[in-house]
Each structure stands twice: as structure tokens, then as C-alpha cells.
Amino acid sequence: MLRAIPLWSEVLGLSGRADAVEIDGAAVRPVEYKSGTRHGNAADLQLCAQALCLEEMLEVEIPHGYVWYGGPRRRVQVDFAPELRRDAQDVIRRIRAQLLRFELPEAPNDQRCAPCQLLHHCLPELTSAPRKVKRYLAHTVFQCAC
């Protein structure tokens, strides 16, 4: 088991880090750890994106990986079916397009936000107010100090 493995894909324009990667002979399987319980398919998409990176990096086929959910203390196998792969690639393309347009997705800013591990990255109070975001980006982030 390898931990905190840097990942990237030149094809997808993606980089990140896998929580863990299991290697058993020629078999390679990404493993994602989540502290709570399953919420939709976000973890499956994240894990699939990790597999896509690993496949490109290592030139191997990865048919499945695992998500460990700390709430129920269960490990769930995620099969990387063609539909999940297409969904993951679609999400990656949409996120890249938003970044190229200097857009942040609107956060729900509801009861799900308080326990979320991404709260300080997502900034739901800010991203739920698009005018504030545009003003902040224009006057702070992209202002030239020339």
C-alpha cells in the first residue's frame, strides 16, 4: 500500500493526490478514504479520476478501486464501468471550462457545509453570492500590480 501518491494526466489536464494505491502484482487499485458515509456518487467520480490518471501514468488498465467510509467502517468496491468513466471525464471537462472562464461553481451554502472537509476551500458564503465573487476576482485576484 502506497499513501499520498501524486497523480496527473496530461490528456485530461488533471493533477492531484491519491489517499492510497494498492499494488498487488500487476494489479493497481486506488483507495479513497472518507470520514463519513456515502453521499451520492462524488467519491466514485473522484476515485475514477484517480484511476484515469494512474492508467495514463502507469500504462495499465484499472477495472476497479475502493472507497473506505469511516462512518460505517466499510470498504466499498467501485467498478470503473464505461458510464462512470464518461461521467468522470465530463465532470473534469466542465470544471476545466469553469476555471478557464474564471468562474467558481455556486456552493449550496446549506446544512451540508458545516461538517464538510472542503469548507475553507469552497467558501460557500462567498460563492453563493456571484457578484461578490466577480468583484473579488476582478479587484483582488486578477488586478495587475504593474
Inset, instruction - Assess whether E83 counts as being open to solvent by 80 Å² or more (accessible area, probe 1.4 Å) and without any contact (Cβ under 8 Å) to a residue 60 or more places away in the chain. - result: yes
Inset, instruction - Restrict the check to the range 105-120 and report whether at least one residue is of a type in the set (G, A, S) and farther than 25 Å from L14 by Cβ. - result: yes
Inset, instruction - Out of the residues in the range 98-134 that are among the acidic types (D, E) and surrounded by 11 or more Cβ atoms within 10 Å (Cβ to Cβ), state the one that is farthest from H39 (Cα to Cα). - result: E103
Inset, instruction - Determine whether P72 is modelled with pLDDT of 95 or more and surrounded by fewer than 16 Cβ atoms within 10 Å (Cβ to Cβ). - result: no
Inset, instruction - Please work out which residue is least open to solvent (accessible area, probe 1.4 Å), limiting yourself to the range 55-66 and to residues that are farther than 19 Å from L12 by Cα and touching a Phe, Trp or Tyr at 6+ places or on another chain (Cβ under 8 Å). - result: G65
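Tell me yes or no: at least one residue of the range 39-54 is open to solvent by 40 Å² or more (accessible area, probe 1.4 Å) and either over 24 Å from R93 (Cβ atoms) or small (G, A, S) (or both).
Yes, the range 39-54 contains at least one residue that is open to solvent by 40 Å² or more (accessible area, probe 1.4 Å) and either over 24 Å from R93 (Cβ atoms) or small (G, A, S) (or both).
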Inset, instruction - With the checklist (1) open to solvent by 70 Å² or more (accessible area, probe 1.4 Å); (2) among the polar types (S, T, N, Q); (3) within 19 Å of L45 (Cα to Cα) in hand, flag the one item Q89 doesn't pass. - result: (1)
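Confirm whether A27 is farther than 16 Å from W8 by Cα, modelled with pLDDT of 95 or more and of a type outside the set (K, R).
yes
The values are calculated or read from the model by the stated rules, or taken from the named source; none is laboratory data. On a predicted model such as this, the values are computed, not experimentally measured, just so you know. All Cβ positions, even for glycine, are placed from backbone atoms using ideal geometry, and neighbour counts span all protein chains on display. Accessible surface is based on the protein model in full, side chains and every heavy atom, while ligands, DNA and RNA are left aside. Shrake-Rupley method; radii C 1.70, N 1.55, O 1.52, S 1.80 Å.
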